[in-house]
Amino acid sequence: MESATATEGAGGTALRNDPITFEVLRNGFKSICNEASALIERVSYAPTITEGHDYSVSILTPEGRLISHGQRDQAPHMGTFESSVQNLVKEVPEFAPGDAFIYNDPYTGGTHQNDVKIIRPIFWEGELFAFAIALCHWPDVGGPMYGTFNPRATECYAEGLRMPPLKLYEKDEPVKQIWDLVSMNIRVPKERIAEIHAQHRAGVLVEERLLGYVEKFGSRVMTDAFEDTMDHSECRFREWVSRLPDGSYEFEDWGDRDLGKEDEPPIRVHLKMTIDGDQVTMDWTGCDPAPVASWGFARPALLSATFDGTMHCFPELAPLNHGVVRAINVVSTKGTCVDVEEPTPVTGYCSGAYEKVDAVTMACWGQALQKVDPRRIHAATVNLQNFCTGGTHPKTGAKFVSYMWLEGGQGARAYADGNSFYMMIFIGGASNQPNETLERWYPMVYTSTEAVVDSCGDGEFRGGFGIWRSFRATGDTELVVLGDRERVGPFGLAGGSNGGPNMVVLNPNTDAEENLGMFTTKAKLKAGDQLEFGSNGGGGFGLPWERKVESVLDDVIDELLSIEKAREVYGVSITEVDADALVYEVNQQKTDKLRKKLAKDGRQRGTGPFEVNPLGEELFASPEDLGTREGGASAAVSNGGS
């Protein structure tokens, strides 16, 4: 079957294939990646991958243009895949069937060292036809710290094994020297060998499925389908951009601190987004210089975060492909915190620069979208916390390394509360690792998993609530934490307050209580020690005293919000009558007085948890003005939506 005459697609795009073939193959590419991702989940060892789903699979053209990825794959990975393949093609003079390359260098094509890619060239009739990438976050790739994350690193050489593209398979047989190099430089190598097998087989599966389509449809139809898929996405995206008001939109956010400098200053991330017709330019040149410690990232990850923040505002464009990539002009300056150079350390990229770039990108799009479709505006969300333990298991004598994170509060929308106990929006395909699984693998017993009361960013629509996970160590363990947003809360918008902080507390409510914070290096946990690990609430949207009284009451009944905060922040006077029977009363007269007093608004402005972000307050209109108070946009605004 060969290509038919070009037909008209959505938005006026000229399709090379007929519309039915286009839709079948466009969705087929995604299905191939989904199937390969499922294989990784079944075959890998680490709970980070099998339960947490920290993996991604993609298909790219021979030139390194992204065609598709899996629906549950992780956004931070996918935007780096084009840089990965383009650098691979530059470094490797020729490819052959059965080759596979291992690669994790963050400066030329990646995120951080733990995100290890295996890249497979795919051939048809002797010609290079496509590439398959299978990526997994390995819980450890060596270095001085369990889990490789190193809050005190000042150079990448203290962050584990860094690999340029290395041939791991030749004619689908392992290249022993490279396998030995990997296994000799990481902890628990037997587990990582399982990940290698899983990633390699995922690439083989992509090849089998893709070439099955070639046999059925013909190579010309398939290459036309690649181009149609990209053109379709670009057309839809540019159509959206052209609806938005021309002009420049700016926003900024901050990282808590640069541990590598004596005064530990905060780190500024700034974006100026300019729309001109159907073209958008993202200018990151106003960002702070690269930090000394591990917080920033290289340009491939900047591209990924920029695309990711964009896709959150235009979710109908998923999956990401080169059509969207080529429609966004990204400008950055080498040597800044969002475009670092070797040897600036980067293992902390995702909890550091990535989340801030993602949030700021959404805030800039939100300023333009509030005039067209305010349902697409997001306040900032829970930030990632990289939480690693390691040591020797007291029951088995085996070495172990664990890598965990916490779900938490999503940012509020202009029309709805943020979700509670969800994964951070920028790795929404991931999930929590069940306590029961972690207890089987590692020397820990979980004692509670519950909401962090009052952790939401407050507003007419509040952010979601964070979560506590508390465990007791059953053996001596070493702890490393590399996170952020302990001092700078996820920002609120339109007068909503910032979300609550990330927290790690050792032996709480005892004489030995210690706040370990988000930058912990080699903390020693003894058998019997108790640890509490708490996550951010999401930023709020709008003024808290404008929130519906019944919504405040519901949160109090659900034990997410305290009676004290309901009174002091939301201006709702609630009395507990019978907590067991869920009987509470609202005193409307006192509530009216409280809200009148709160409307004078003496709240603290700033970037800290529960403060009011000045930019978010200045640049975003209230739900009343946007017409979203009752849960949707006004008719005039809705007509501009998708």
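The values are calculated or read from the model by the stated rules, or taken from the named source; none is laboratory data. Worth saying up front: this structure is predicted, and the values here are computed from it rather than measured. Cβ sites come from the backbone with ideal geometry, for glycine too, and all protein chains shown count toward neighbours. Areas reflect the complete protein model, heavy atoms only, side chains present, ligands, DNA and RNA absent. Shrake-Rupley method; radii C 1.70, N 1.55, O 1.52, S 1.80 Å.
Can you find a residue in region 288-300 that is open to solvent by 30 Å² or more (accessible area, probe 1.4 Å), under 28 Å from MET163 (Cβ atoms), free of Cβ contacts under 8 Å to residues at least 40 places away in the same chain and assigned to a loop (DSSP other than H, G, I, E, B)? Checking region 288-300: not a single residue is open to solvent by 30 Å² or more (accessible area, probe 1.4 Å), under 28 Å from MET163 (Cβ atoms), free of Cβ contacts under 8 Å to residues at least 40 places away in the same chain and assigned to a loop (DSSP other than H, G, I, E, B). Taking the criterion of being in a loop (DSSP other than H, G, I, E, B) and either of a type in the set (D, E, K, R) or more than 30 Å from ASP484 (Cα to Cα) (or both), the residues of region 589-614 that qualify are ALA599, LYS600, ASP601, ARG603, GLU611.
Condition check: touching a helix residue (DSSP H, G or I) at 6+ places or on another chain (Cβ under 7 Å), among the small types (Gly, Ala, Ser) and buried (at least 23 other Cβ atoms within 10 Å of the Cβ). Does SER304 satisfy that? The answer is yes for SER304.
Taking every residue in region 114-133 that is open to solvent by 30 Å² or more (accessible area, probe 1.4 Å) and pairing it with any residue that is among the polar types (S, T, N, Q), at least 6 positions away or on another chain, the pairs with Cβ-Cβ distances below 7 Å are TRP124/SER219. In the set (1) more than 23 Å from the chain's Cα centre (by Cα); (2) surrounded by fewer than 20 Cβ atoms within 10 Å (Cβ to Cβ); (3) hydroxyl-bearing (Ser, Thr, Tyr), THR285 fails one condition alone, (1). With respect to the conditions (1) part of a loop (DSSP other than H, G, I, E, B); (2) touching a strand residue (DSSP E or B) at 6+ places or on another chain (Cβ under 9 Å); (3) not hydrophobic (A, V, I, L, M, F, W, C), ARG162 falls short on a single one, namely (2). Filtering GLU35, GLU63 for residues that are among the charged types (D, E, K, R), in contact with a helix residue (DSSP H, G or I) (Cβ under 7 Å, 6 or more places away or on another chain) and surrounded by fewer than 18 Cβ atoms within 10 Å (Cβ to Cβ) leaves a single hit, GLU35.
May I ask you to say which residue of THR310, THR333 is under 23 Å from GLY489 (Cα atoms), of a type in the set (Ser, Thr, Tyr) and either at pLDDT 95 or above or surrounded by 17 or more Cβ atoms within 10 Å (Cβ to Cβ) (or both)? After ruling out the rest, the residue left standing is THR310.
Taken over region 564-594, the criterion of being within 37 Å of the chain's Cα centre (by Cα) and surrounded by 15 or more Cβ atoms within 10 Å (Cβ to Cβ) is satisfied by LYS565, ALA566, ARG567, VAL569, TYR570, GLY571, VAL572. Scanning region 342-394 for residues that are of a type in the set (Lys, Arg), open to solvent by 10 Å² or more (accessible area, probe 1.4 Å) and at pLDDT 95 or above returns ARG375, ARG376. Of everything listed in (1) among the aliphatic types (A, V, I, L, M); (2) farther than 23 Å from ASP231 by Cα; (3) in contact with a Gly (Cβ under 6 Å, 6 or more places away or on another chain), the single unmet condition for VAL85 is (2).
Answer yes if at least one residue in region 473-488 is small (Gly, Ala, Ser), open to solvent by 10 Å² or more (accessible area, probe 1.4 Å) and outside any loop (DSSP other than H, G, I, E, B), and no otherwise. Looking for residues that are small (Gly, Ala, Ser), open to solvent by 10 Å² or more (accessible area, probe 1.4 Å) and outside any loop (DSSP other than H, G, I, E, B), one finds none in region 473-488, hence no. Can you name the residue in region 499-542 that is hydrophobic (A, V, I, L, M, F, W, C) and open to solvent by 50 Å² or more (accessible area, probe 1.4 Å) and, of all such residues, is nearest to ARG375 (Cα to Cα)? Looking at residues that are hydrophobic (A, V, I, L, M, F, W, C) and open to solvent by 50 Å² or more (accessible area, probe 1.4 Å), I get ALA512. For the residues PHE461, PHE491, PHE465, the requirement of being at pLDDT 95 or above, buried (at least 24 other Cβ atoms within 10 Å of the Cβ) and in contact with a Lys or Arg (Cβ under 7 Å, 6 or more places away or on another chain) singles out PHE461. The set of residues from region 190-249 being among the acidic types (Asp, Glu), open to solvent by 20 Å² or more (accessible area, probe 1.4 Å) and closer than 30 Å to TYR45 by Cα comprises GLU191, GLU207, GLU208. Pairing each residue of region 2-31 that is closer than 20 Å to HIS322 by Cα with any residue that is among the basic types (Lys, Arg) and at pLDDT 85 or above, provided the two are 6+ apart or on different chains, yields C-beta distances under 7 Å for ALA10/ARG236; GLY11/ARG236. Quick check on region 404-457: of everything there that is small (Gly, Ala, Ser), at pLDDT 95 or above and over 29 Å from ASP529 (Cα atoms), which residue is surrounded by the fewest Cβ atoms within 10 Å (Cβ to Cβ)? The qualifying residue surrounded by the fewest Cβ atoms within 10 Å (Cβ to Cβ) is ALA416.
Taking the criterion of being closer than 16 Å to LEU244 by Cβ and more than 15 Å from the chain's Cα centre (by Cα), the residues of region 307-330 that qualify are PHE314, GLU316, LEU317, VAL324, ALA327, ILE328, ASN329. Of the set (1) under 25 Å from PRO265 (Cα atoms); (2) at pLDDT 95 or above; (3) out of contact with any helix residue (DSSP H, G or I) (no Cβ under 7 Å at 6 or more places or on another chain), all apply to THR521 but (2). Give me the residue from region 608-636 that is closer than 22 Å to GLY537 by Cα and charged (D, E, K, R) and, out of that set, farthest from the chain's Cα centre (by Cα). Taking the candidates together, the pick is ARG629.
Please verify whether ARG605 is open to solvent by 50 Å² or more (accessible area, probe 1.4 Å), under 34 Å from the mean Cα position of the chain (by Cα) and either modelled with pLDDT under 95 or under 23 Å from ALA494 (Cα atoms) (or both), treating the condition exactly as stated. Judged against the criteria, ARG605 is a match.
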